[in-house]
Amino acid sequence: MKRDFLRIKDLTRDEIYKIFDITKKLKNQRKKNRIFPVLKGLSIGLLFTKPSTRTRVSFEVAIYELGGNSIYLSGETTQISRGETVKDTAKVLSRYIDGLIIRTYEQEEVEEFAKWSNFPVINALTDLLHPCQVLADFFTIYEKKGTLKNIKITYIGDGNNVCHSLILGADLLGIEIRISCPEKYMPSEKILKQVENKNLVKIDTNPERFIQDADVIYTDTWVSMGDEKEAEERKKIFKSYQVNRKLLESTKKDFIFMHCLPAHRGWEVEDEIIDGKNSVVFDQAENRLHTQKALLCFLYHKL
Ligand code: CP
Ligand code: NVA
C-alpha cells in the first residue's frame, strides 16, 4: 500500500527513529560515494506553487543521488493554473510518475492529491504544515544533543506552519515545546486539538517566559509566504519577539539556536545570534537533504 507524508503524524514514533537510523547511514555513506541508486527507474515530480531554495534543491539532489529522476513543475506552468482539477491531474500523473512532492497554499490540496493518486505524496509545505522541515529539525536536535529525551524546545514568533509541525512532532516524540507568540498569532486551535499530550505544550505571550531552561530556541519568519500584505503590521506586532542578545541574556550555555530559513535578518533574529556559536542553522539546512533521502527510502520500502 502506498504511504503519503502529508503531516508528521503520518509516521509513528518508531518509524521516525527508523528514518533517523537510515539518515545516519546515508549521511555517512555520502562522504564516500554520493550515488546510492535505490530509486533507479523511478520518476518523482515536484509541484511547487510557492518559491523554495532548500526544499526544492535538497529533494532534487536527494532523488538524483538515489538514482531517480525528478521533474520540477512550477504551479503556474501546469494546467492546474487554467482550472484543471486536482483529481484529474492526480489521475493523469499516476499514469506517468511514481511520486509527487507538493508545495502549495491549502493543506486540502495535498490531501486531495493523495486521495486521487496511486503514488506517495509528500507535503513540501502548506500554509498549515511543514512536516519535511521538522523531520530534519528533530534529527538535528537528536544529532546535536545525542537524545530527544528531556529536551525543552522554545519557539518564539509566529504560530505558523513550521510552529504547527513542531508542536505535532514534539507531541509524537514526547518532547516539551513552549511557544511564545503574540495573542493574534497563536498556533491554530485545529492543530492544538490534535495534541495528545497536552502537558507537553505550553503557550504564552511573554517572549522571555521560556528562555532560561531551553535546550533549543527556534524562530521563523514573521511574514510567511502568502502573508506579504500584512508585513508592516506584523513587523510592529512581533517587534518584542526578536531573538537577540538581550532576549537571550539568561539562556543555558549549550542551547542551540534553530531557524528553518530563509531568515529575515534584523527582523525575527539578529545577525550575532544566527551567526553566533550556538546557531546550528546551516547543519539544520543540510539535514533536509539527508532526512528527505531517508524519507524517500522509507516510503519506497528501500533500506
Ligand atoms: N526551509 C525551507 O523550506 O526553505 P525553502 O523555502 O527555501 O524551501
Ligand atoms: N513559515 C515560512 C516557512 C518557510 C520555509 C513560510 O511559510 O513562508
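Laid out as a table, the results:
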| read-out | value |
| --- | --- |
| Among the candidates LYS239, LYS302, LYS235, residue that is free of Cβ contacts under 8 Å to residues at least 12 places away in the same chain and of a type outside the set (Ser, Thr, Tyr) | LYS239 |
| Restricting the stretch 103-117 to residues that are over 18 Å from the mean Cα position of the chain (by Cα) and charged (D, E, K, R), the residue that is farthest from MET1 (Cα to Cα) | GLU112 |
| Residue under evaluation LEU42, criteria (1) modelled with pLDDT of 95 or more; (2) within 15 Å of ligand 1 (Cβ to nearest atom), criterion not met | (2) |
| Breaking point among (1) touching a Lys or Arg at 6+ places or on another chain (Cβ under 9 Å); (2) not in a helix (DSSP H, G or I), for GLY169 | (2) |
| Lone unmet requirement of (1) farther than 12 Å from VAL216 by Cα; (2) part of a helix (DSSP H, G or I); (3) within 16 Å of ligand 1 (Cβ to nearest atom) for GLU143 | (3) |
| Selection within the stretch 191-245 - away from ligand 2 (no atom under 16 Å from the Cβ), assigned to a strand (DSSP E or B) and within 20 Å of the chain's Cα centre (by Cα) | VAL201, VAL216, ILE217 |
| Residues of the stretch 211-234 satisfying the condition of being more than 19 Å from CYS260 (Cβ to Cβ) and surrounded by 15 or more Cβ atoms within 10 Å (Cβ to Cβ) | ILE211 |
| Index of the failed condition, PHE36 passing every other in (1) closer than 18 Å to THR104 by Cβ; (2) more than 16 Å from ligand 2 (Cβ to nearest atom) | (1) |
| Those residues of the stretch 54-74 which are part of a helix (DSSP H, G or I) and buried (at least 16 other Cβ atoms within 10 Å of the Cβ), in sequence order | ARG54, THR55, ARG56, SER58, PHE59, GLU60, VAL61, ALA62, ILE63, GLU65 |
| Qualifying residue in the stretch 253-261 (condition: within 16 Å of ligand 2 (Cβ to nearest atom), assigned to a loop (DSSP other than H, G, I, E, B) and under 18 Å from the mean Cα position of the chain (by Cα)) | yes |
| The stretch 272-303, residues that are outside any loop (DSSP other than H, G, I, E, B), within 21 Å of GLY41 (Cα to Cα), among the aliphatic types (A, V, I, L, M) and more than 16 Å from ligand 1 (Cβ to nearest atom) | ALA294, LEU296, LEU299 |
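The values are calculated or read from the model by the stated rules, or taken from the named source; none is laboratory data. Note that the structure is predicted; figures quoted are calculated from it, not measured. Cβ atoms come from the backbone with ideal geometry, glycine included; neighbour counts cover every protein chain shown.
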